[in-house]
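Here is the structure we will look at.
Just so you know, all these numbers are worked out from the coordinates, no wet-lab data involved. Owing to the predicted nature of the structure, the values given are computational and were not obtained by experimental measurement.
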Amino acid sequence: MSETLPDRLSVDPKSPFHDEALLARGIGIRFNGEERTTVEEYCVSEGWIRVAAGKSLDRRGRPITLKIKGEVVPYFLDGAQEEAT
């Protein structure tokens, strides 16, 4: 499997940027220097992440998301665990 992450990735299966194989491997996001675990979608080149806005849902039952701009650094979780040991 490739060691490079895509520029844009989403956890929503209906999104064209969804990749089940990458998500199953484990992806971590560092946003503005801190770890974020609630990221729904990210884009490195445009510098934003989408996160759920509390427990609010839209009329289709999906979480309402907010787009936050900043520095996005995605990484593989298994690679971070290997470096720590």
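Run the numbers on the chain and let me know its relative contact order in percent, using alpha-carbon pairs under 8 Å that are six or more apart.
Details: 126 pairs, mean separation 24.4, N = 85.
Reported relative contact order: 29 percent.
Could you work out [θ]222 nm for the chain from helices alone, using -39500 (n - 2.57) per DSSP H run of at least four and dividing by all its residues? Round to the nearest 500 deg cm²/dmol.
Value at 222 nm, helices only: -4000 deg cm²/dmol.
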* When we measure straight from the Cα of LYS14, which lysines land under 19 angstrom away, once same-chain ones fewer than 8 places off are left out? -> LYS67
* **Structure-derived log10 I(q)/I(0) by the Debye sum over Cα atoms at q = 0.11, 0.14, 0.19 Å⁻¹: which label, when the choices are (i) -0.29, -0.46, -0.82; (ii) -0.31, -0.50, -0.89; (iii) -0.73, -0.84, -0.98** => (ii)
* Have a look at GLU40, GLU20, GLU71 and tell me which one the Gaussian network model of the chain (Cα, springs below 10 Å) gives the largest fluctuation. => GLU20
